[in-house]
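Presented below is the structure to which this report refers.
The values are calculated or read from the model by the stated rules, or taken from the named source; none is laboratory data. Fair warning: this is a prediction, and the values are worked out from it, not measured in the lab. So basically every Cβ, Gly included, is an ideal-geometry build from the backbone, and we count neighbours across all protein chains shown.
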Amino acid sequence: MFSNYVDKEKNALENKPELVDLVYPLLDTENSRWFFFSSASRPFGMVNLSPDNQIGGAWGSGYRYNTDTIKGFSHIHAWQMAGVSVMPVIVPKENPHSIFTDFYSKFSHEKEKITPGYHYLELERFDIATSLTSTTRTGFHEYAFPDDGNAAILFNLNTMLGPCENSNGTLEQNNARELAGSVVMEPTRRRPKPLTVYFKVKLNSKISNIEKDNKTGNYLVNLENPADKVLMKISISYTSLDNAEQNMEVELPHWNFDETVLDSRKEWNSLLGKIEIEGGSQIDQRRFYTDLWKALQGRRIISDINGAYPDRTGEDFRIGQLPLDSDGKPKFNHYNSDSFWGAQWTINTLWGLAYPEIMEEFVYSLLQYYKDGGLIPRGPSGGNYTYVMTGASSTPFIVSAIQKGIVTEDLDEIYKALKKNHMAGGIMEKSGYEHNTQLGGGLRYYIKSGYVPYPIPEGKFGGHQDGASLTMEYAYQDWTLAQLAKKLNYDEDYQYFINRSKNYANVFDREVNWMRPKNVDGKWKKNFDPYQAVNGFIESNGAQSTWFVPHDLKGLAQLMGGEEKAVEKLNKQFEEAEKLNFAAGTSHALESHPEYRRVPINFGNQPSIQTSFIFNQIGRPDLTQYWTRRVIAKTFSGLSTETGYNGDEDQGLMGSLNVLLKIGLFQMNGGTEDNPQYQIGSPLFKKVTIHLNEDYYNGGQFIIEAHKNSTENIFINKAELNDKAVSDHEISHQEITAGGTLKLEMGKIPSKSSAIK
């Protein structure tokens, strides 16, 4: 399990540069959202400590590079969650109470240092040097106050903070150096129930007194003769103050700030070191490890060190308890997570290959929600079901973990839980954020008529009620469930879901050669424009989403008139999309802008991020190699605060995609078939070494060597796995996890053998 695995891992890159120092945390921070930026955090940490300079709203908030004013250091940056914001200050001698409302400070990037697990900056207004680090559940602050002036720490506990309002904030002094408090994260449109965060505070300096401002609800903690370096530990819990204190006692019993920073570096280095790369430019290598770093965060732990966790799946709040192992430790952590929408092309593959311990934990966390609330979620927040996005996106994730041998127990029960989501009363019936009804997903039409109509006749109940996309999404997810039914010998179910998986063809209009929405009467949408955004398609247009048939691309090609015509069609889309750098602008917020929304292929959002690998399966792997390299070069290269993912980096999804494109391995159907297959692309580096977790795989390591690789030599002329020729540009999960070397001979032009016959 992940919680135990990191502790026993050694640094994989001894005597080599620290990988954490290659990471560029400022990537794309001019476009970041509340949970995007990370600095003083551990992998998937419950505490996500970092500075905030924008605090209102889920979008355009948190740490934004172009904003020069710090408004606090908050401990929770998660999907629909935020809380416990603090700010070291110098209280003015004249009008001291003004500090309750006037406590922001300018800062300069020139005096700032950020690496994974650490953030340093200087508050210019107060002349305070601040350093931040953390354990998984405890934030650790170090403040150097000026010698003169009243040193204090302001707790901003009643404020709009990112996606949610913080209210009912309380803070009490326990003794001369300890505080305890709580704050309520009010409901949001996506997370419909409130959640209380409890926190414990310990300082190395004495507290002279606490003041509360009745107007703002803010608390000011005045310090008595502060030490040269004031140290403050803040641990959190979503269950109780006692558990918050226990989280601190277990994880951070000492006061050595530098040791904690070093421990964080070791943990990040261990995970980053699971994939070693050689070759490429220095910027290529730095960007790669930044992408990999992004793939290992965003989704956050919500359970305590003892396994207690908040359960809001029912009418009333309850404290749940995770199962314990023979040593009395939780068998896994419980998680807060944005949607798994698009995970089939991202974390399914990366985590399943390099981090199976992480994948296993997330599967069991998702199943814990089922045990508590009766449904496997597609994106839980604060113990709530959020019904974010659409479909049953957790199904491919869990099926992939089973097919790869990561999850091996209780498979029949898991299948029954997954099947529930695909039937009446399951999560497929709900559209985005549809909390109290179950009509927006159009599932009953899908089951009865073979497609989801657009519009839904009954009306608007949630978000993303785009019938063509829903039909295609359900068809793919049904196919993945059918693979598990087949594995478990549920023959009747297998046939049922396989038949449903063919429903995608019901929204393909042969006359226009595109997927096309149709209404409840079976009539195609009039005046259909395949380049019109959100026109029966979710966060995409018809041109992008027409290719969303990852389970039956050959069948799709036949609908288009054969593989050659399909290749020609998709290739033209890539040629047009390149003019806009294969993305709908540089951020998610620009996708609906007239200049960008008509892009034929968009690698900045999930619906079409698989498209360059489609060529692999319809006879032209050379075009997969060519276009993937072009996408990397134009869309996912470089280190800049202005851009980075050219869209929406949903908690590791786009970071994972980048890693996969750059190592040249991909899974079109999300790794959900028996002995899942990996499609081979064009690696960016001359050598990639994946260190396999021996608790799951016995191969030791898997190496990809791309001989003669360069920016010009992008085509695979020859491929051998352990000195045996590779056919069809595919290798299996068993072949990879058994260990060995994939040797690729690269060239400037495709060889005759590069086209699959």
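Considering only residues in the stretch 184-238 that are over 24 Å from the mean Cα position of the chain (by Cα) and of a type in the set (Phe, Trp, Tyr), the one that is surrounded by the most Cβ atoms within 10 Å (Cβ to Cβ) turns out to be PHE199. Of the listed requirements (1) over 30 Å from HIS77 (Cα atoms); (2) surrounded by fewer than 24 Cβ atoms within 10 Å (Cβ to Cβ); (3) not polar (S, T, N, Q), ILE716 misses just one: (2).
Could we say that ASN709 is closer than 26 Å to ILE618 by Cα, in contact with a Ser or Thr (Cβ under 9 Å, 6 or more places away or on another chain) and not in a strand (DSSP E or B) here? It is true that ASN709 is closer than 26 Å to ILE618 by Cα, in contact with a Ser or Thr (Cβ under 9 Å, 6 or more places away or on another chain) and not in a strand (DSSP E or B).
Mind checking which residues of the stretch 139-166 are at pLDDT 95 or above and charged (D, E, K, R)? GLU142, GLU165 - these are the residues of the stretch 139-166 that are at pLDDT 95 or above and charged (D, E, K, R).
Pairing each residue of the stretch 530-559 that is farther than 16 Å from ASN506 by Cα with any residue that is part of a loop (DSSP other than H, G, I, E, B) and of a type in the set (Asp, Glu), provided the two are 6+ apart or on different chains, yields C-beta distances under 6 Å for ILE538/ASP466.
On inspection, GLY169 does not qualify as modelled with pLDDT of 95 or more, touching a Phe, Trp or Tyr at 6+ places or on another chain (Cβ under 6 Å) and part of a strand (DSSP E or B). Of all positions in the stretch 95-118, at least one carries a residue that is more than 18 Å from LEU49 (Cβ to Cβ) and among the β-branched types (Val, Ile, Thr). Here the condition is being touching a His at 6+ places or on another chain (Cβ under 9 Å) and of a type in the set (S, T, N, Q); of GLN465, GLN532, GLN477, it holds for GLN477 alone.
Which of the residues spanning the stretch 52-73 are farther than 15 Å from ASP28 by Cα and not in a loop (DSSP other than H, G, I, E, B)? ASP52, GLN54, GLY56, THR69, ILE70, GLY72, PHE73 - these are the residues of the stretch 52-73 that are farther than 15 Å from ASP28 by Cα and not in a loop (DSSP other than H, G, I, E, B). Looking at GLU315 and the list (1) modelled with pLDDT of 95 or more; (2) under 31 Å from the mean Cα position of the chain (by Cα); (3) not aromatic (Phe, Trp, Tyr), which single condition is not satisfied? Of (1) modelled with pLDDT of 95 or more; (2) under 31 Å from the mean Cα position of the chain (by Cα); (3) not aromatic (Phe, Trp, Tyr), only one is false for GLU315: (1). Scanning the stretch 624-649 for residues that are aliphatic (A, V, I, L, M), more than 18 Å from GLN282 (Cα to Cα) and surrounded by fewer than 22 Cβ atoms within 10 Å (Cβ to Cβ) returns no hits.
Among the residues in the stretch 664-686, are any crowded, with 24+ Cβ neighbours inside 10 Å, modelled with pLDDT of 95 or more and over 26 Å from GLU563 (Cα atoms)? For the stretch 664-686, residues crowded, with 24+ Cβ neighbours inside 10 Å, modelled with pLDDT of 95 or more and over 26 Å from GLU563 (Cα atoms): present. If you check VAL599, VAL631 for being of a type outside the set (Phe, Trp, Tyr) and outside any helix (DSSP H, G or I), only one passes: VAL599. Against the conditions (1) part of a loop (DSSP other than H, G, I, E, B); (2) touching a Leu at 6+ places or on another chain (Cβ under 7 Å); (3) not aliphatic (A, V, I, L, M), ASN675 satisfies every one except (2).
Looking across the stretch 45-91, the residues that are surrounded by fewer than 22 Cβ atoms within 10 Å (Cβ to Cβ), more than 21 Å from PRO146 (Cα to Cα) and touching a helix residue (DSSP H, G or I) at 6+ places or on another chain (Cβ under 9 Å) come down to TRP59, GLY60, TYR65, ASP68.
At least 1 residues being buried (at least 19 other Cβ atoms within 10 Å of the Cβ), out of contact with any strand residue (DSSP E or B) (no Cβ under 9 Å at 6 or more places or on another chain) and charged (D, E, K, R) is the threshold, and among the helices (runs of 4 or more DSSP H) wholly inside the stretch 240-356 those reaching it are 257-272, 282-294.
Each residue in the stretch 564-605 was checked for being within 22 Å of SER61 (Cβ to Cβ) and buried (at least 22 other Cβ atoms within 10 Å of the Cβ), and 6 pass.
Of the listed requirements (1) assigned to a strand (DSSP E or B); (2) surrounded by fewer than 20 Cβ atoms within 10 Å (Cβ to Cβ), HIS97 misses just one: (1). Can we say ILE703 is β-branched (Val, Ile, Thr), touching a residue at least 12 places away in the same chain (Cβ under 8 Å) and touching a helix residue (DSSP H, G or I) at 6+ places or on another chain (Cβ under 8 Å)? No, not satisfied.
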